[in-house]
Amino acid sequence: MSRTERKGAPTPVADLPGLIGREIGVSRWITVDQTRIDAFAEVTEDRQFIHIDPEAAAKTPFGGTIAHGFLTLSLLSAMTYDAVPPLEGVVMGVNYGFDKLRFLAPVPAGSNVRGRFKLISAEDKGPMGGGSRWLLKHEVTVELEGADKPALIAEWLGMQVVGG
């Protein structure tokens with residue numbers, strides 16, 4: 001399975017109402033190592049020492065380097081490919097934004113994270129190019145392996161275009 005293929009059998013649009021309020025899937029564990037953190041720092045030009053300087057970061061309450069919150073957030077794309085089956089007949093999906101987003105715990109370098117997805121709502125947004133548009137809202141919890149508190153919680157919106 002490539003990174004752009006979703007796991008699981010496609011979900012028929014008619015099944016969406018019965019999935020609301022249910023957990024849809026859980027992603028694999030993803031390692032957030034220093035190499036990944038450093039690469040993210042370079043791409044985003046966010047080179048704050050708590051992310052890239054292990055010696056200086058060791059003197060902070062974190063005790064070492066931590067991932068950028070936005071790095072953890074950006075991993076949601078990979079997590080969704082692992083955990084959320086596509087809609088049947090989907091032509092494309094686009095990120096539509098967030099209704100809620102909170103960074104609850106730091107992600108120390110070397111940690112493993114995974115996403116847990118629950119469907120909150122599915123709204124038919126009408127026709128598009130001979131198909132239909134569906135606005136899906138998922139509650140996403142990014143778990144930090146071995147921790148009681150999640151790293152991140154969010155209400156993530158995605159627009160799916162089906163058919164056409």
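Figures for the structure shown
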| read-out | value |
| --- | --- |
| Criterion violated by M128 - all others in (1) farther than 20 Å from P85 by Cβ; (2) touching a Lys or Arg at 6+ places or on another chain (Cβ under 6 Å) satisfied | (2) |
| Matching option when the condition is surrounded by 15 or more Cβ atoms within 10 Å (Cβ to Cβ), in contact (Cβ under 8 Å) with a residue 24 or more places away in the chain and out of contact with any Ser or Thr (no Cβ under 9 Å at 6 or more places or on another chain), among L119, L152 | L119 |
| When residues of segment 55-93 are limited to those that are of a type in the set (S, T, N, Q), under 30 Å from L119 (Cα atoms) and out of contact with any Gly (no Cβ under 9 Å at 6 or more places or on another chain), the one surrounded by the fewest Cβ atoms within 10 Å (Cβ to Cβ) | S77 |
| G69 vs. criteria under 13 Å from V162 (Cβ atoms) and either among the small types (G, A, S) or free of Cβ contacts under 8 Å to residues at least 24 places away in the same chain (or both) | no |
| Restricting segment 94-116 to residues that are aliphatic (A, V, I, L, M) and surrounded by fewer than 19 Cβ atoms within 10 Å (Cβ to Cβ), the residue that is nearest to the chain's Cα centre (by Cα) | L101 |
| Residue list for segment 149-164, filter: part of a loop (DSSP other than H, G, I, E, B) and within 16 Å of R116 (Cβ to Cβ) | K149, P150, A151 |
| Criterion violated by T141 - all others in (1) touching a residue at least 40 places away in the same chain (Cβ under 8 Å); (2) within 25 Å of I37 (Cα to Cα); (3) not in a loop (DSSP other than H, G, I, E, B) satisfied | (1) |
| Test: residue in segment 7-29 that is out of contact with any Lys or Arg (no Cβ under 9 Å at 6 or more places or on another chain), of a type in the set (S, T, Y) and within 20 Å of L135 (Cα to Cα) | yes |
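Taken together, the values in this text are just the output of simple stated rules run on the coordinates, not laboratory data. Keep in mind that this is a model prediction, so the values were computed, not measured. Please note: Cβ atoms are built from the backbone with ideal geometry, for glycine as well, and neighbour counts cover all protein chains shown.
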